Amino acid sequence: FENGVGEGMLQFKNLNASINSLGNISKEQTNIEVETMFFGEMPLKVDWTFSALDLNDAFSFQAQLGELKVERLNPFVTANTNIRLLGEMKAMDFGIKGNKETAVCEMRVSYKGIKAVAESKKLKDKTVAALANIFVFDGKKDFVEKNCDSEVQRDKSKSYWNYIWLSMRTALIACVKE
């Protein structure tokens, strides 16, 4: 555990949520609204809408994240990639609209000085960090704001949350690569 966060775990503090029309017989759309502090310091608002009766599993997932020093993500990022991040994110807003097959994510992100550092001396980890810095992170000292879109296919052997993460990750990579 580092700063009370286990490796590979996401942390939410002061979580407030409201859920409307949750059920599998109501014709009304289910709406879930969440406000929390992501990793204890980054404001996060989520608005998620879907219908349990929709055979196509259509959904809308909107989120707004506030300012964060990306180092706070390292307990999760490092456990999953063996890379440590440096830099700041001023804001990230994204919307995902999808169904049981595909999802489209529209994202706006503002960041500066983001850099990846290998956490081990293994050549593979050093190579991944170096490639991330060359092709993904620009290390600029001023905030950069970018808009990008992405489309992903759902891997039905994985969870719904993996589908949301894949949509976000694909859009974020597109934003910082441009």
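The values are calculated or read from the model by the stated rules, or taken from the named source; none is laboratory data. As the structure is a prediction and not an experimental result, all values here were calculated from the model. Every residue, glycine among them, receives a Cβ derived from its backbone with ideal geometry; neighbour counts consider all protein chains shown. Just so you know, the surface numbers come from the protein's heavy atoms only, side chains and all, with ligands and any DNA or RNA stripped out. Shrake-Rupley method; radii C 1.70, N 1.55, O 1.52, S 1.80 Å.
Before moving on, here are some points about what is shown:
- Per-residue SASA remark: GLU35, around 100 Å² accessible (1.4 Å probe; ligands, DNA and RNA not included).
- Restraint check, LYS27/LYS97; LYS69/LYS156; LYS27/LYS146, Cα-Cα greater than 30 Å: LYS69/LYS156; LYS27/LYS146
- Equivalent ellipsoid of segment 5-61: semi-axes from √(5λ) of the C-alpha gyration tensor, largest first, are 28, 12, 9 Å.
- Neighbourhood net charge (10 Å Cβ-Cβ; Lys/Arg +1, Asp/Glu -1) for THR36: +1
- Considering only PHE61, GLY113, ASN99, and ranking their Cα positions along the charge dipole of segment 34-116 that arises from unit charges at the beta-carbon of Lys, Arg, Asp and Glu, the one farthest toward the positive end is GLY113.
- The gain in end-to-end length when the ASP54 to ILE32 segment is fully stretched comes to 6.3 nm, 0.36 nm per residue minus the alpha carbon separation.
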